[in-house]
Amino acid sequence: MNDSTSEIALLRLAKKGVETLQQCDPELVRLMEKESTRQNRVLSMVASSSTCDPSVLVCGGSSTINVTTEGYPGARYHAGCGVVDEIEELAISRAKKIFKARYANVQPHSGSSANNVLLFSLLQAGDTILGLDLDSGGHLTHGARASATGQYFNALSYGLDSNGFINYDHLLELALEHKPKVIICGASAYPRFIDFKKFREIADKVNAYVIADVSQISGLIVAGFHPSPIDHAHFTTTSTYKQLFGPRGGLILMGRDFDQIGPDGKNTLSQLVQRGVFPYFQGTPNLASIAAKARAFDYVAGDDFKKLGQRIIDNAKAISGYFLKNGYSVLTEGTDNHMVLLNVLQSKKMTGVVAEKALEDCNIIVNKNRILGDQKPPLVTSGIRIGSNNLAIRGISASQAAMCGQLIDRVLSSTKVIDDRTYELDANVISSVKQSVSNLCRDCPLPGYG
């Protein structure tokens, strides 16, 4: 089959799928169209999200999802996997190339799955791990009590200094005292550079493994705007949708330690990962997702993505700068990446959930977020987290991003707080801000979604 015939077959399948969906399930079509329209008409500034290119969406809905493929390329437990083996090998080679890695496993279903694969493969119940405290910007899988990792292992936390930066001195003290077997670096809500080299130096002092979870900043790493952990951490994990503009899924990478003998004294660390993903932690991989990952990895490998990375940084700095100039409490007084953290309780005497809901009323989407020393519960919080990924993909400039900050400020300044969860917001303000959002979204539509 030549390339032209393949293209026709792909288009025919997509067309048949859309026609069947419209005929057989108009209610579902209505809801999916409604969601697509919503995404294009709101300013999404959720730091842990991005927007897939339409070509990634096509891969995620392709016929590769029909193939059952337990195992790895060349070593499957089912027949009929020759073509999808090529797809997975392509995804692996592209992942290794963009991260300059020696090993890649593209099968994890999420970043959380990738973290759990490593922890449950390396450790025994009760072993000590050291991760960033949840209220300091850590992730649930880094040892939070609400997660299996915080209950199955002896999970200890390091935190931030008084200026909101990772406290490496305290991290060293904890490591020397408790001798963890794994130290996790990376964060869910931390706006500054992470010193992966320093993490490795501390881990080497206590013979610990380093897992770098870069789910939030993996795109900036690929684009060269954040230092890479690949040859500092023993293992690097990431989700593929937050800043790689890919599908829901995860990825495990390794650099110079890929052939180091693991804790069993027999197998290399890369062999441990292979067995950890399958059969220990997961079964059949999602080959449609892996195809979409391969497409996303190619997308972020180009020069255009470097320009996008620069815009992500510029937009975040513009937003941060606006709030600093206007008297807001901005954590760490700035940002090195795509996210800005505001203490709205201190700045506006309102909780994170009130700020989140009031902004959503005006078609501005952020998320409430606990911050250092937060006394509010997780569903209330004292802060909000703002991200620039989706602004950048729209082509929004730094000056326009500052205008987004101004719109947020207008909403928060106009919100009358009643209590921790309820508020009032004048209808005229809602209408005016919605119109400004609509105008910006019209001028800067999501590529392919307009």
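One table, with the values for the structure above:
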quantity: Residues (hydroxyl-bearing (Ser, Thr, Tyr) and touching a helix residue (DSSP H, G or I) at 6+ places or on another chain (Cβ under 7 Å)) located in region 181-235; calculated: 209, 215, 228
quantity: Filtered residues of region 404-416 (kept if surrounded by fewer than 17 Cβ atoms within 10 Å (Cβ to Cβ) and touching a residue at least 12 places away in the same chain (Cβ under 8 Å)); calculated: 406, 410, 413
quantity: Region 64-89: number of residues that are among the hydroxyl-bearing types (Ser, Thr, Tyr) and closer than 15 Å to residue 294 by Cβ; calculated: 2
quantity: Test: residue in region 173-195 that is surrounded by fewer than 24 Cβ atoms within 10 Å (Cβ to Cβ), under 30 Å from residue 70 (Cβ atoms) and touching a Gly at 6+ places or on another chain (Cβ under 8 Å); calculated: no
quantity: Which numbered condition residue 419 misses (of (1) of a type in the set (D, E, K, R); (2) under 27 Å from residue 306 (Cα atoms); (3) without any contact (Cβ under 8 Å) to a residue 24 or more places away in the chain); calculated: (2)
quantity: Filter result for residue 121 (over 16 Å from residue 247 (Cβ atoms) and in contact (Cβ under 8 Å) with a residue 40 or more places away in the chain); calculated: yes
quantity: Residue list for region 29-78, restricted to those being farther than 26 Å from residue 217 by Cβ and in a strand (DSSP E or B); calculated: 71, 72, 75, 76
quantity: Test result for residue 132, of a type in the set (A, V, I, L, M, F, W, C) and over 18 Å from the mean Cα position of the chain (by Cα); calculated: no
quantity: Any hit, region 93-100, residues being within 21 Å of the chain's Cα centre (by Cα), loosely packed, with under 15 Cβ neighbours inside 10 Å and within 26 Å of residue 271 (Cα to Cα); calculated: yes
quantity: Residue within region 295-305 that is within 30 Å of residue 357 (Cβ to Cβ), among the hydrophobic types (A, V, I, L, M, F, W, C), within 22 Å of the chain's Cα centre (by Cα) and not assigned by TED's automatic domain parsing to the domain that holds residue 214 present; calculated: no
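The rows are residues; the columns are (1) of a type in the set (S, T, N, Q); (2) farther than 24 Å from residue 228 by Cβ; (3) free of Cβ contacts under 8 Å to residues at least 12 places away in the same chain.
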site	(1), (2), (3)
149	yes, yes, no
152	no, yes, no
160	no, no, no
165	no, no, no
182	no, no, no
191	no, no, no
194	no, no, no
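Every residue, every condition in (1) in contact with a helix residue (DSSP H, G or I) (Cβ under 7 Å, 6 or more places away or on another chain); (2) within 18 Å of residue 61 (Cβ to Cβ), yes or no:
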position	(1), (2)
258	yes, no
261	no, no
264	no, no
269	no, no
272	yes, no
287	yes, yes
290	yes, yes
295	yes, yes
300	yes, no
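The values are calculated or read from the model by the stated rules, or taken from the named source; none is laboratory data. What you are looking at is a predicted structure, and each value in this text was computed from that prediction instead of being measured. As a convention, Cβ positions derive from the backbone with ideal geometry for all residues, glycine included, and neighbour counts pool all protein chains shown.
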